[in-house]
1. Mind checking the angle between helix 107-116 and the chain's longest principal axis? C-alpha axes, 0 to 90 degrees, to the nearest 10.
2. Counting only protein heavy atoms and using a 1.4 Å probe, what share of the accessible area of region 464-596 belongs to carbon plus sulfur, as a whole percent?
3. Compare the Cα positions of TYR472, ILE553, VAL179 along the charge dipole of the chain (+1 at Cβ of Lys, Arg; -1 at Cβ of Asp, Glu; about the Cα centre) and return the one farthest towards the positive end.
4. Can you give the accessible area per residue of region 361-509, in Å², using a 1.4 Å probe?
5. Based on Cβ point charges of +1 for Lys and Arg and -1 for Asp and Glu, what charge dipole magnitude is obtained for region 319-436 about its Cα centre, in debye rounded to the nearest 20?
6. Per residue of the chain, what 222 nm ellipticity follows from adding -39500 (n - 2.57) for every DSSP H run with n ≥ 4, rounded to the nearest 500?
7. What are the lysines whose alpha-carbon lies under 24 Å from the alpha-carbon of LYS253, with same-chain residues fewer than 8 places away excluded?
8. Between the alpha-carbon centers of region 206-265 and region 14-61, tell me the distance in whole angstrom.
Amino acid sequence: MCGIVAGRTSGAVTGTLTEALARLEYRGYDSVGVAVAQADGTLQVRRTTARVEALVDRLAADPVAGTTGVGHTRWATHGAVTEGNAHPHADCSGRLALVHNGIITNADALRAGLRERGHVVASDVDSEVVVHLVEEALGTGLAAAVEAAVEQLTGTWALAVLDALTGELVATSHGSPLVVAEGPEGVYLASDVAAVAAWIDDFRVLEDGHVVTVGETTTWRHGGHVAEPPLLRRCTISVAELSRELYADFMSKEIDEQPLVATRVLESWGAPAQDGSLWHASGLPDFARVAVLGCGTSLNAGRAVAGVLGRVAGVPTQAVVASEADDWVVEPDTLVLAFSQSGETADVLRALDRVEHRGAPVVAVTNSAWSALGRRADFVMSCHAGPEIGVAATKTYTAQVLTGTCLAIAACVGTGRLARSTGRAMVADLGRVPDLVAQSIGVAMQAVPTIAAATSEASGFLFLGRGIARSYADEGALKLKELSYLWAESHASGELKHGPLALVEPGTPVVAVDDGSSRMQASLAEVRARGGDVIDIGGPGSALPALGTSGGIPGIDWCGPLESVMAMQVLARQVAVLRGRDIDKPRNLAKSVTVE
Ligand code: AGP
């Protein structure tokens, strides 16, 4: 995990680094630090286990001059959250500073060797060994030294090394994201283009093994030789998209953006989905079955799409938890739909190794088309959600469900499983989603504060759903637990009586995505009989009439009540607000999990 940034700018670099770090904080917020080259060839380093704002205050009180520097925001994997373990890490001479995102799995052996050779390895962090390995090879020049160092590593990395003596920056990557961009005021390196979007128009994505040197000029190497730079890509992120505007937190803004995002997805993918032309353009082969792959919210989105494929076209589907894919038997003629907002989730990328070994085609459903997942997939479905800053996924979930559903329609029409007229009718149905989503948010904003206040004594929540709605209930439970730090379990409603009912006592909140069926009503009666507090979304007489059926706009049966998720997002946020949680940066988490 973690976010890295580096810059060589025409003016003072610290403000650039801290601004970029604030935009990268979603990648981890256990500690933050910068190192800047000084005119006398030394380094100035500032690190803290507090947040970026604290680092900014510290730099204001104790300024650091210099135009070339590196910065890092950490999500701890190896070593406790201490200032000593915070990046940047320096070599023994104090000439080099390194920032790293990824994981070095042979760090213990390398550290032992370095200590035998007389190095002082000061921290418990795997990353620090790299800067000492670079130090050992520095006589060959910084770029060659970085190449020599990474040859000794196993694991993943995106790293940047600053040489204070020459003012040079060298960066390379292997399995972790890194972009390079040049603007009028300087050259920048970052884990995510959003970090530097305010200062550039175009950027390049490092491929594994690229080594870039940023000095008087910018030069590229690959495999020990001079290389052409990677493709120049247009940065389409606007500064407004990166601003919280007048919202209390990014999550509220991102919840509100969902009708617009849904419209954007349908404008992009609806027409080519309904006649199957999207499928034909993809060049993908016919399939016998579909596996959806992902983690967390993305897996929940995949499960919803799998539910649609099964329900409308009888396609056999399987949901694969990417972090548990080692025992996955990839059956012949499987089409793999890999869901990942970031496209950088290490568990998903590792699961792809298994898929590629079996030769199964992969479609990436991602918010980052140029990510590692996007580059490895046979076909990319971009989710068009725009940058999502809150660690809890909201608008990207909705975008993934809709994008994946358009792909499902295209695949079924394109392979003759569904008639074109059915495809057209389904896309027309999806045209109601933006209004359903807006209605659900509106209803929830009115009703949820009272409902959330009534849960103040609760130690945990149950979530219930049936069929595809079960996947929506799963997403509601995930949102609630990550934001409020209360336990939240999701179950198929019929399973309640087979065990989970024992958790229900007077006042236990039970959130139901209520399809109005007699089986759901029977489950809710069982809860009420034990004094449980049913938070009914959409059922008869519901306090939260957020579903199409109860809200006025007709719902869409075949994809289940996607709009229930918005009500649960608002509920999760409100419960977290009442408990004083950090909405955009829940404890222990980071948005992009680039370690296994
Ligand atoms: C959800 O709110 C979390 N951010 C998390 O579950 C996330 O969905 C998961 O880590 C997968 O990330 P990805 O979509 O970037 O692959």
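The values are calculated or read from the model by the stated rules, or taken from the named source; none is laboratory data. Keep in mind that what you see is a predicted model, and the values were worked out from it rather than measured. All Cβ positions, even for glycine, are placed from backbone atoms using ideal geometry, and neighbour counts span all protein chains on display. Each accessible area value is taken on the protein alone, full model and side chains, heavy atoms only, with ligands, DNA and RNA left out. Shrake-Rupley method; radii C 1.70, N 1.55, O 1.52, S 1.80 Å.
1. Tilt of helix 107-116: around 20 degrees.
2. Values: 2470 of 4950 Å².
Here carbon and sulfur together make up 50 percent of the probe-accessible area.
3. The residue sitting farthest along the positive end of the dipole is ILE553.
4. On the way: 4730 Å² over 149 residues.
Value returned for region 361-509: 32 Å² of accessible area per residue.
5. Numbers: 10 positive and 13 negative charges, 105 e Å.
That gives a dipole near 500 debye.
6. Numbers: 18 runs with 215 residues, N = 596.
For the chain, the value works out to -11000 deg cm²/dmol.
7. LYS395, LYS479, LYS481, LYS585, LYS591
8. One Cα centre to the other: 20 Å.
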